[in-house]
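Here's the structure we're looking at; comments come further down.
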Amino acid sequence: MPTIPKLIAPAGACDCHIHIYDPAMPTIPTTTTPGPEWASVAGYRDVQMRLGLKRAIVVQPTAYGTDNSCTVNAIAELGLANTRGVAVVDMSVTDAELERLSKAGICGIRFQMLPGGVLPWDVVEPLAARVANFGWHAQVQMDGRLLPEREDLLKRLPGAVVIDHVGKFLEPVTPEHAGFKTLQRLLDNGKTWLKLTAAYEVSKVGPPLYPDVGALAKVAAKSHPERMVWASNWPYVGNDRQDDAMQLDLLQDWVPDETTRKRVLVDNPAELYRF
């Protein structure tokens, strides 16, 4: 039975990472997570209403490679006034296609650097430069333990850089870990953002508070509240159905101050995604 969150979302709250799937669309051969058939716009609207959310960011699933049709269609169906998207494009993309995607609400490029990802590291810098001409940011998902190896590259990227999933440390670490220290330095540069989401993917402790991942989220939110955004990560591909309300209620623990939570849920996403 769907639950109702204890946290009352402030007006204009944004879910900064969701995926929409269409079972009629072909998936790429390398995908390991084609996505559940029920992860439709209608399915997400139910979640959005129950959590009291207004805005959403539709992130291109790796399952569809560089065919962004499902993501673009979802933005249009959810409504461009309150929805933006993050696409996957490769080096063959034309300026005309980037312009078309921008008009459709796309404002970022996704670099998913874990197994199943579409783009290799050697195209990250040139592609980030291409899409920066259209005002797009770079969204990066990788094992946070490897951040020290990529720090210089990430610092060189033009425009904003969004780090997924509290750094996505595949083995939870402490705030003293070199990878988290790198993340903090990236946040220091004023153009790096962090998504507070998906603790369930890597936590070894588990719900309801995922304290191993939460320890990192709390430090980052306290030190850089102006660079934090929140997301549900719906529909939790590969992790069965999570408790939607619990994902929002985590902010009561991670960001206990109500004024700062509004910043994370409303003001920061409005700036980053240009609402």
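The table below gives the values:
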{"item": "Selected from F134, F180, F111 as most flexible by GNM, with the chain as the system and alpha-carbon contacts under 10 Å", "result": "F134"}
{"item": "Efficiency of FRET between T31 and K204 - r from beta-carbon atoms, R0 22 angstrom, step 0.05", "result": "0.25"}
{"item": "Whole-number percent relative contact order across the stretch 156-275, with pairs defined as alpha carbons under 8 Å at least 6 apart", "result": "24"}
{"item": "Distance-filtered residues of the stretch 206-244 - backbone nitrogen under 13 Å, label point 7 angstrom along D253 Cα→Cβ", "result": "206-218"}
{"item": "Gyration tensor verdict on the stretch 14-272 (Cα atoms; rounded if a/c is under 1.5, prolate if a/b is larger than b/c, oblate otherwise)", "result": "rounded"}
{"item": "Max mean-square fluctuation residue, GNM over the chain, Cα-Cα springs under 10 Å, options R156, R110, R55", "result": "R156"}
{"item": "Gain on full stretching of the segment that runs from F275 to I4 - 0.36 nm per residue minus C-alpha separation", "result": "94.9 nm"}
{"item": "Neighbour-count ranking [beta-carbon atoms within 10 angstrom, fewest first] of M91, M142, M113", "result": "M91, M113, M142"}
{"item": "Distant-in-sequence amide H partners of K191 (H built 1.01 Å from N, under 5 Å)", "result": "none"}
{"item": "The chain - percent relative contact order, Cα under 8 Å, separation 6 or more", "result": "20"}
{"item": "Cα gyration tensor shape for the stretch 170-275, rounded if a/c is under 1.5, else prolate or oblate", "result": "oblate"}
{"item": "Check: the stretch 14-272 dipole with +1 on Lys, Arg Cβ and -1 on Asp, Glu Cβ, in debye", "result": "520"}
{"item": "Mean Cβ count within 10 Å, highest first, over the residues of peptides 214-222, 144-152", "result": "214-222, 144-152"}
{"item": "Helical contribution to [θ] at 222 nm, DSSP H n ≥ 4, -39,500 (n - 2.57), averaged over the chain, rounded to 500", "result": "-10000 deg cm²/dmol"}
{"item": "Sequence of T260, T71 once ranked by neighbouring C-beta atoms within 10 Å, starting from the fewest", "result": "T260, T71"}
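Readers should treat all values here as calculations from the given coordinates under stated rules, not as data from a laboratory. Everything numeric here is computed off the predicted structure, so don't read it as measured data. Neighbour counts are summed over all protein chains in view; Cβ atoms, including those assigned to glycine, are modelled from backbone coordinates with ideal geometry.
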